[in-house]
1. For Asn114, indicate whether it is within 23 Å of Ala151 (Cα to Cα), surrounded by fewer than 19 Cβ atoms within 10 Å (Cβ to Cβ) and of a type outside the set (Lys, Arg).
2. When only residues in segment 103-126 that are aliphatic (A, V, I, L, M) and at pLDDT below 95 count, which is farthest from the chain's Cα centre (by Cα)?
3. Does segment 558-584 hold any residues that are touching a residue at least 40 places away in the same chain (Cβ under 8 Å) and among the hydrophobic types (A, V, I, L, M, F, W, C), and which are they?
4. Output the number of residues of segment 626-644 satisfying the condition of being part of a strand (DSSP E or B) and in contact with a Leu (Cβ under 8 Å, 6 or more places away or on another chain).
5. So which of Lys381, Lys398 is modelled with pLDDT of 95 or more, charged (D, E, K, R) and under 30 Å from Thr365 (Cβ atoms)?
6. For Ser448, work out the one condition from (1) on the phi > 0 side of the Ramachandran plot; (2) in contact with a helix residue (DSSP H, G or I) (Cβ under 7 Å, 6 or more places away or on another chain) it doesn't fulfil.
7. Looking at (1) at pLDDT 90 or above; (2) surrounded by 15 or more Cβ atoms within 10 Å (Cβ to Cβ); (3) of a type in the set (A, V, I, L, M, F, W, C), which is the only condition Leu478 fails?
Amino acid sequence: MRKLLLLISFVFALAFYSYGQVSYCNSNFTTVTYEYITNVTYAGINNTSVGNTGGPVNYTSQIGFVTIGSPETLSVSIEADSGDYVYAFIDWNQDGDFNDPEEVYTVASGVSTNGPFTISITPPAFALGGTTRMRVMVHWNGTTPDPCVNATYGEAEDYTLSVSTTPATCLPGTNITKTASGITTTSLSWDASLSGPAGGYKYELRTSGAAGSGATGLVYSGLEAGLTHDFTGLTISTNYTFYLRAICGVGDSSVWIPYSFSTVLAQPRPWLEPFATNATPTGWNTTGWLIGANASIPGMDGNAIYREIYSTGTYSFSSVNVGTITTGDIFSFDYQFSNWNSPYASPASNSCSYVVAISTDFGTTYTDVNTIINDGTDGWKTYTLDLSPYIGDYMKVKITATYIAGDYYVAFDNFAVQSCVPPTNLEVPSASLTATSATINWDASLSSPANGYTYELRTSGAAGSGATGLVDNGTLNLLTKSFTTLTSNTKYTFYIRSVCTAGDSSNWASKTFTTPCIAVTNFTENFDAVTTPNLPSCWAKVGSGGSLSTQASNPLSSPNCLYIYSSSSSSIAMVRMPEVSNADAGTHWLRFRARANATIGGVIQVGYLTDPADPNTFVQLGSDFVTTSTSVYDAFEVNPINAPTGVTTLVFNH
């Protein structure tokens, strides 16, 4: 019998020793836009976080201290949507899974509020002493708890628990909290040890290493008689771990409990955030927003931060702290509203807005400084703010978009704090744009640059990227620049920046435009040379109604045809043909063939646009053309074409 007891003790010791090699299953969530964990508090753990996709977020450096048979309250707060389930999983027997009885805890079921949600958890009698894993999870519509789930919406976080088999004689303080924080200062507080430690509390503040591990990583150490401690002289944007233990008597101390925090994240000015990659910049809170390129937002130069907005609500993101603000600094960014559907023009005026708010206390409070309401005009615009009221401060920006009506994207780019700012409101007047020429105008920089402006005109490449794609460049002191030797049907980007002094230039502002096609006297098009669903060169959809594309389904000539679909009388599809210089001569005709796609009797109209970009300026030529078959192509003809003098743009209207 004694040999059996020794064997059991050896097996337990071996199991405890091997814990560090235990491999737990991974959960995986792909979206944290709608629900994620914001705080977990349990047995000395107090962790505030933001959503992270992927497997469980690794917070195992944060340790909770529990004793078998002694209850502790687990508190979980979330950013909620609806139908959210919150679970906790604890591997009490240290076997590398969460499948045993009393290892799964339902904290909240089907909730739509943020909590906190609480549950009392008592380590069971079969729990092993030592360190083990706790996983906390929020899962949308996750009616069945699964620590290894692969799902779309939710988040999981992993922590470490230190399990004691016997009650400690000296208990640590609990619930360490950061009560105040600055750029280089932090104040911490905690709840008193239930042991009433006669020697107070010993602490260490470290950037690396465990408590008591020596000088490497040690920033401060000492004794504290009270329940608070203030640290000064810290390093900006740095991660620290505060360790605390109670001193109950000579040779009688509690375990160390850790608390991790960071000093305020901040960037020095001058500062520019152009979203060079699609990763969330450090210090930004962009939950619900996307960073990247989107073809539905015209004129994007690389990446931007954007969001589709189509329902009542407010939608916010915030920047990193920037400072300290100095005399002459100006805050600026670019923005655009564009409809969700093609041709991605601006939503109607007064259909959407955003608020700019500034915080000088690192995001604790914000003050609204401007409300910008959409004016209904297309293209990117620049917002600027004189930062004179904030000299000597750090500033943090929050943008809050507000839905009014419609379905649209709102996008922002090129956030900057600098004393030399670019010119604003770049535009290409429609009257100046021809197949071979264009004029770009702009408003003067608020910096009144002493050395004027430098510019580049490019067909590819970013400003300053070299000769490839560079068409023209130079320096000027004017507010306009004309080009007269451009190529027709070509996309150009004009870049310009202020040169305030020899060593102080702004970031680049840009304007993208496309030269029109050269007008022809006649053309033939069978759509067979294009790659579906693209339109041929110099053909274009007009307006946002209906849809159109090239396709390979039942063409008259192989392989392609043009498909035009109008969903209703209020959503008409219209396609613009290449510009015809002699459309007003009365000497030419237009012939085409068409069939119905699904229902006989579809109507096609031929006409012209007095404004080539506005479907509401359509004027019909001749009578309606009515399809008679879904399989046989009808032949139609407008003969002669009698467009008014000066009209060169013909369209099909379905």
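The values are calculated or read from the model by the stated rules, or taken from the named source; none is laboratory data. Given the structure is predicted, the values throughout are model-derived calculations rather than measurements. Here the Cβ is made from the backbone with ideal geometry for all residues, glycine too, and neighbour counts use every protein chain on show.
1. Details: within 23 Å of Ala151 (Cα to Cα): yes; surrounded by fewer than 19 Cβ atoms within 10 Å (Cβ to Cβ): yes; of a type outside the set (Lys, Arg): yes.
Against the criterion (within 23 Å of Ala151 (Cα to Cα), surrounded by fewer than 19 Cβ atoms within 10 Å (Cβ to Cβ) and of a type outside the set (Lys, Arg)), Asn114 qualifies.
2. From segment 103-126, those aliphatic (A, V, I, L, M) are 104, 107-108, 111, 119, 121, 125; that's our starting set.
Now narrow it down to the ones that are at pLDDT below 95: 111, 119, 121, 125.
Details: Val111: 26, Ile119: 34, Ile121: 37, Ala125: 47 Å.
Per the criteria, the residue is Ala125.
3. Ile564, Ile572, Ala573, Met574, Val575, Met577, Val580, Ala583, listed by residue number.
4. So the answer is 2.
5. Lys398
6. Every condition holds for Ser448 apart from (2).
7. The number of the failed condition is (2).
Yes/no per residue for (1) over 25 Å from the mean Cα position of the chain (by Cα); (2) of a type outside the set (Ser, Thr, Tyr):
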| site | (1), (2) |
| --- | --- |
| Thr384 | no, no |
| Gly392 | yes, yes |
| Ala401 | no, yes |
| Ile404 | no, yes |
| Asp407 | no, yes |
| Val428 | yes, yes |
| Ala431 | yes, yes |
| Ala438 | yes, yes |
| Ser460 | yes, no |
